[in-house]
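In what follows, a structure is listed as structure tokens, so that the remarks can point back to it.
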Amino acid sequence: MSWGTELWDQFDNLEKHTQWGIEVLEKYIKFVKERAEIEINYAKQLRNLSKKYQTKKNSKEEEESKYTSCKAFQNTMNEMNDYAGQHEVISENMTSMIMAELTRFVQELKQERKSHFHEGRKAQQHIETCWKQLESSKRRFERDCKEADRAQQYFERMDADINVTKADVEKARQQAQIRHQMADDSKGDYSSVLQKFNHEQQEHYHTHIPTIFQKLQDLEERRITRLGDSLKTYAEIDRQVIPIIGKCLDGITKAAESINSKQDSQTVVESFKSGFEPPGDIDFEDFTQSMKRTVSDTSLTNNRADVKSDPKTPGKSRGKLWPFIKKNKGATPEDFSNLPPEQRRKKLQQKVDELNKDLQKEIDQRDALTKMKDVYMKNPQMGDPASVAQKLIEIGSNIEKLRVEVQKFEGWLAEVEGRLPARNDNSRRQSALYETQNTAPVNNCAQDRESPDGSYTEDQSQETEVKVTPTEFDDDFDDEEPLSTIGSCKALYPFDGENEGTISVAEGEILNVIEEDKGDGWTRIRRNEEEEGYVPTSYIEVYLDKTAKGAKTYI
């Protein structure tokens, strides 16, 4: 079915229809453009979301990433980042494979359509011109025939009139002949123009217009076919990324399946295990008899953990939170002495590994530069050996510094490992030793006393002593009766006393002792009636009054 034969008289309607078809194609291009923008914006938002929840380096989150659940979550973020990449691919392919191609195609269609309709208008104008020529020739022939008829009638009247001279009759006869000749000429011209118009009209409606309309039909069919192909491409672009998106989703599923609750529980143990042994039984203290206090070798801080003890009993202190349980407000010591033994060991081991790694890098760099220097010395044209010498000196200095650091940390590590009890699966973390994860343990324990240089010294004469939990803290100090003085002490070193419950002292200062060291490495002293607190026992020299109540008798 051809437009040229079926729609020979629908030039204007075909012009409107083909214009509408191009507008439909442009509308589809606009749709694809907006879809591509949605995809690229969605991909950008997904990437930003993934980046937002990615583990930050050198942060607490990086420490938490050792748990399988956290690793699974981070793997999910990585998969979402790849997922976003597939939406970027969709946007790029739709822009290049559909938008760009169709935009060029539309421009070609517009140009071709314009050319066809320009040709059609020219054909119409030509046939209209031929029609006007035919009409003009027809009117002239009609006019000449009428003029010839009037001239003939005039001649006949003149010829019948006896009063008209012969000359006038002859003149009328000649005029009639002229008009007849003109009518004959007009007739011939009209016949010729008519024959020509019929030929042109035949060509116009059976050749020119059908050819132009057929081209327009081909153009429209190509437009429709191209739109269908583009819709297939549109679907195929999405379909191509589905396997990759499926792999991303499979990766998320795999990450979820990798979560191991038992392993995470074990990681918690490894992260917070202190290395201390659980406390033993507390010996019964009989207050009904006048006798000196005795403390079990494994007791908890000699009655300091006894909540609700008799506040009226002189020399006794109700349970208090030990100063070294409080959060350390100062900087972390270089030897991590603020940590419990097990955690300190891990930190020191990690530091040793890092230093060894840095040391190996420096050694490798030194070896490479040494080889380069040897090459320069053998082949001076390749380089100046002196340019490498200064760098070798710097690297040698760095190596020596790193070795000193390694030895220092290895010494601390050996000290901690020699002091820790055997680590096995049956050892349990002391649950009452520290506060929540935001509270860092500070300073000393029975195995680890703080010395003036900030490191630990071991006292084998004392058993491991356990600190009381923060829940046993009693904020009401005002109700306690003051402890009696049991001796004096001299400060051997200055002590800042920054932690809660401690007191600052100056070197050489003489103070009163009101409670001796119970095996925790701390001695309670008093400067005056209102100022008292704990100081490290290793910082002072104690002179006990053996006759004072509460003082131990040493044998």
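The values are calculated or read from the model by the stated rules, or taken from the named source; none is laboratory data. Quick caveat, the model's predicted, so the values are computed rather than measured. We place every Cβ from the backbone using ideal geometry, glycine too, and count neighbours over all the protein chains shown. To get the accessible areas, we keep the full protein, side chains included, count just its heavy atoms, and leave off ligands, DNA and RNA. Shrake-Rupley method; radii C 1.70, N 1.55, O 1.52, S 1.80 Å.
Numerical summary
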| read-out | value |
| --- | --- |
| Where a residue in the stretch 347-370 is at negative phi and its partner, wherever it lies, is among the polar types (S, T, N, Q) and part of a helix (DSSP H, G or I), with Cβ under 8 Å and at least six apart | E362/N398 |
| Of all residues in the stretch 94-143 being of a type outside the set (D, E, K, R), in contact (Cβ under 8 Å) with a residue 60 or more places away in the chain and open to solvent by 70 Å² or more (accessible area, probe 1.4 Å), the one that is nearest to G228 (Cα to Cα) | M97 |
| Of residues in the stretch 318-357 being at pLDDT 75 or above and loosely packed, with under 15 Cβ neighbours inside 10 Å, the one nearest to V388 (Cα to Cα) | K357 |
| Elements of type helices (runs of 4 or more DSSP H) contained in the stretch 1-116, each with 1 or more residues being farther than 30 Å from K247 by Cβ and modelled with pLDDT under 95 | 3-6, 11-52, 60-64 |
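Conditions tested, residue by residue: (1) of a type outside the set (A, V, I, L, M); (2) touching a residue at least 12 places away in the same chain (Cβ under 8 Å).
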{"position": "L7", "(1), (2)": "no, yes"}
{"position": "D12", "(1), (2)": "yes, no"}
{"position": "W20", "(1), (2)": "yes, no"}
{"position": "E26", "(1), (2)": "yes, yes"}
{"position": "A36", "(1), (2)": "no, yes"}
{"position": "K44", "(1), (2)": "yes, yes"}
{"position": "L49", "(1), (2)": "no, yes"}
{"position": "K57", "(1), (2)": "yes, no"}
{"position": "S65", "(1), (2)": "yes, no"}
